[in-house]
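In what follows, a structure is listed as structure tokens, so that the remarks can point back to it.
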Amino acid sequence: MKPYILIAIERSLFDTVFSTVDLERLSALGNLLNPDPPEKADKAFLLDAIGEADIVMTCWETAAFDAEIVEAASRLKLLCHAAGTVRPVVTEALWDTDVRVTSAAAALAYGVAEFCLGQILMATKRVPWLSEGTRQGYWQEAGSCFGGGFEIYQQKIGLIGAGHIGRQLLRLLENFDCEKLLYDPFCSEEEATAMGARKVESLEELFVSCRVVSLHAPTNEDTRHMLRGHHFAALPKGSVFVNTAGWSQIHEEEFVGELRKGRFIACIDRCEDEPCAMDHPYRHLPNVWLTPHIAGVMAENRFRVGTFVANEVENFVKGSPLTYEVTRSGLARMA
């Protein structure tokens with residue numbers, strides 16, 4: 001018997017995440033309780049519709065599964081989150097049940113890793129600054145700004161965190177002749193080697209060794225302010241720091257203090273408050289390349305999210321292992 005699938009995804013989001021092909025796959029795998037997604041996937045919708053569902057698909061803006069909703073979800077066996085972290089929707093009440101949880105965060109990692117690679121290649125050669133210089137009548141003069149441009153050939157590239165995004169970026173960097181260093185307390189030396197990286201035991205070693213450092217550590221209390229001023233002070237002159245991961249990992253006051261010295265470039269896609277204030281230093285420091293939280297998905301890459309969800313539904317229906325299952329204990333190490 002086919003399972004009953006509830007689409008707990010707002011209509012405005014659903015069409016940007018699920019392609020026609022993946023929607024047809026879902027229709028073949030189960031019975032869609034609501035082929036027409038709701039305008040709002042709020043608590044009222046869930047309480048009204050969750051009772052018949054064996055599988056529920058959630059997304060950004062879906063209401064959290066509190067105790068009342070969990071009690072109403074008497075048939076629920078699988079929650080597939082068509083977004084990144086499951087923290088906004090999964091509660092302790094849900095973890096206390098036998099409902100299995102899976103996330104499409106790995107799908108988002110492709111877009112973020114591609115974005116990071118693009119920023120690394122452009123910032124090291126000072127492309128944004130050279131481009132602005134040519135508009136102002138200069139030519140190659142800006143190439144020497146903030147310690148001078150360089151290329152990543154035979155350079156050390158450091159990654160902080162070997163989660164979905166870090167692993168994807170390591171895979172992309174395999175196409176370049178560079179040495180990859182990795183800092184991640186949860187990743188073994190053997191795992192790092194298998195991904196083509198050399199594990200380092202301290203952030204200090206990573207920062208002092210690498211001309212490029214890309215942050216991919218999760219945003220949680222364990223990583224709060226893990227990067228301090230002395231780390232950035234240790235970067236070789238002219239280095240590039242990339243942050244698409246979050247804001248709390250960095251002690252911002254100390255970070256900005258080092259940025260003001262003009263020794264390195266920072267590519268920043270995440271801020272504590274978004275959009276950041278007009279008087280925030282990120283908007284005005286000349287060695288900051290600020291982008292508006294676009295690393296993950298903004299167009300076609302969203303459809304990869306739907307494909308990953310459809311894949312997990314298919315795995316569940318066929319009795320195969322879930323590829324991206326999230327557990328209560330594993331969530332502690334995630335963003």
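No value in this document is a laboratory result; all are computed from the given coordinates. This structure is a prediction, so every number in the text was calculated from the model and none was measured. In this analysis, Cβ positions are derived from the backbone assuming ideal geometry, glycine residues included, and neighbour counts consider all displayed protein chains.
List of remarks:
- For the pair region 214-255 / region 262-276, the C-alpha centres are spaced 10 Å from each other.
- Ordering His231, His293 from the fewest to the most neighbouring beta carbons within 10 Å gives His293, His231.
- Ordering Leu227, Val313, Phe45 by Cα displacement along the dipole of the chain toward the positive end leaves Leu227 in first place; charges were set at the Cβ atoms of Lys, Arg (+1) and Asp, Glu (-1).
- Fewest-first ordering of Cys276, Cys267 by other beta carbons within 10 Å of each residue's beta carbon gives Cys276, Cys267.
- Considering only Leu26, Val99, Ala142, and ranking their Cα positions along the charge dipole of region 1-160 that arises from unit charges at the beta-carbon of Lys, Arg, Asp and Glu, the one farthest toward the positive end is Ala142.
- When the square roots of the Cα gyration tensor eigenvalues are ordered a ≥ b ≥ c, the ratio a/c for region 183-252 is 1.5 or more and a/b does not exceed b/c, which makes its shape oblate.
- Axis of helix 302-318 versus longest Cα principal axis of the chain: the two differ by about 40°, to the nearest ten degrees.
- Charged-residue dipole, Cβ positions (Lys, Arg, Asp, Glu), the chain about Cα centre, Debye nearest 20: 1000
- Counting only residues at least eight positions apart within a chain, or on another chain, the lysines with an alpha carbon under 27 Å from that of Lys318 are Lys2, Lys77.
- The chain: Cys lacking any partner C-beta under 4.7 angstrom: Cys59, Cys80, Cys116, Cys145, Cys178, Cys187, Cys210, Cys267
- Distance from the Cα centroid of region 109-141 to that of region 52-69 is 41 Å (rounded to whole angstrom).
- Report note on the peptides 246-256, 157-167: ranked by the mean count of other C-beta atoms within 10 Å, highest first, their order is 157-167, 246-256.
- Listed by chain and number, the lysines whose alpha-carbon sits under 24 Å from that of Lys180, ignoring those within fewer than 8 places in the same chain, are Lys125, Lys156, Lys199, Lys237.
- Taking the longest Cα principal axis of the chain as reference, the axis of helix 105-124 is set at about 10 degrees.
- For region 116-225, the Kirkwood estimate of the hydrodynamic radius, built from every pair of different alpha carbons, is 15.1 Å.
- A Cβ-based charge dipole, computed about the Cα centre of region 108-290 with Lys and Arg at +1 and Asp and Glu at -1, lands at about 620 debye.
- Residues Asp279, Asp66, Asp177 in ascending order of nearby Cβ atoms (within 10 Å, fewest first): Asp279, Asp177, Asp66.
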